[in-house]
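To start, the structure itself, in structure tokens.
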Amino acid sequence: MIVSRVKRLKEETVSLVELKDLEDAVITTMGEDVWNAIQYFAEEKALELEEEIKYLKEGSKCDDGHLYALRGGIRDEIDVIEKLITKVNEAQRLDRRSLTKELQGIVKRLENNEGYF
């Protein structure tokens, strides 16, 4: 918390391009303490935004890797399912236990990758 002595404001039109343009107006109307507080909060916000940008850049690289791995895993499961379809279509006799075991394997692998969805 910053405590400062503030003078009353007067109305005037000021062109502002950057934070530095406020300096004279703030110091003459509200005092140097207020200007120091504005600078402090602006710097803190800039640091927060820099950290957030850094985190987002690193996170997006990590997410790309997860998506690539997930796509590969999904492609593998599609291949297994297509082989099962071919097996069922070509089979004269079906072994329920074998089919059930393979389908349960697919379900378990998909459940283990649930965190990626």
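The values are calculated or read from the model by the stated rules, or taken from the named source; none is laboratory data. Fair warning: this is a prediction, and the values are worked out from it, not measured in the lab. Neighbour counts run over all protein chains shown; Cβ positions are idealised from the backbone, glycine included. For accessibility, only protein heavy atoms count, side chains too; no ligands or nucleic acids. Shrake-Rupley method; radii C 1.70, N 1.55, O 1.52, S 1.80 Å.
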(Q) Rolling a 1.4 angstrom probe over the protein chains, ignoring ligands and nucleic acids, what is the accessible area of residue 87 in square angstrom, nearest 10? (A) 90 Å²
(Q) Report the gain in length on full extension from residue 67 to residue 15: 0.36 nm times residue separation, minus Cα-Cα distance, nm rounded to one decimal. (A) 13.9 nm
Q. Can you give the percent of C-alpha pairs in the range 63-116 whose distance is more than 15 Å?
A. 54 percent
Q) Picking from 73, 84, 112, whose Cα lies most toward the positive end of the charge dipole for the range 63-116 (charges on Cβ: Lys, Arg +1; Asp, Glu -1)? A) 84
(Q) Please give me the summed charge of the neighbours of residue 41: other residues whose Cβ is under 14 Å from its Cβ, Lys and Arg +1, Asp and Glu -1. (A) -3
